[in-house]
């Protein structure tokens, strides 16, 4: 009977590991998508800033675009911090599930004992 429950626990741990790896990869993918979005947005603001600066009578001062660029950079910084938190969380879950199963897919260091949940 104990062998059957051990197999069930291993199957659940394998399923959890697959899901944790999928979520981790999803967070990495979202990180890159957000990075490209903000990079293009900042590039457009810089282009607009220098275009306004070259005009003799702009509609509004280029300082407004500079402020907008600083604001968007701050938002990007905060968003990257949140993204880092979720990616590290899923890496932690992945490493814990790897330890339970006894495989080393993403780990670079093996732990001496099995972790308990």
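Coordinate-derived values only; no laboratory data. All values derive from a computational prediction rather than experimental measurement. Because the Cβ atoms are built from the backbone with ideal geometry, glycine has one as well, and the counts that use them run over all protein chains shown.
The stretch between residue 30 and residue 80, if pulled fully straight at 0.36 nm per residue, gains 17.0 nm over its current Cα-Cα span. Note on the chain: with a GNM built from Cα contacts shorter than 10 Å, the maximum mean-square fluctuation among 60, 37, 49 falls on 60.
Work out the P(r) tail for segment 2-101: percent of alpha carbon pairs separated by more than 23 Å, whole number. Distances greater than 23 Å cover 52 percent of the Cα pairs.
For the chain, calculate the relative contact order in percent as a whole number, restricting contacts to Cα pairs under 8 Å that are 6 or more residues apart.
Reported relative contact order: 36 percent.
Estimated from helical segments only, the mean residue ellipticity of the chain at 222 nm is -29500 deg cm²/dmol, where each DSSP H run of four or more residues counts as -39500 (n - 2.57). Mean-square fluctuations from a GNM of the chain, with a 10 angstrom spring cutoff on Cα atoms, peak among 99, 83, 54 at 54. Each residue, residue 103 and residue 64, gets one label point 7 Å from its Cα in the Cβ direction; the gap between the two is 5.6 nm.
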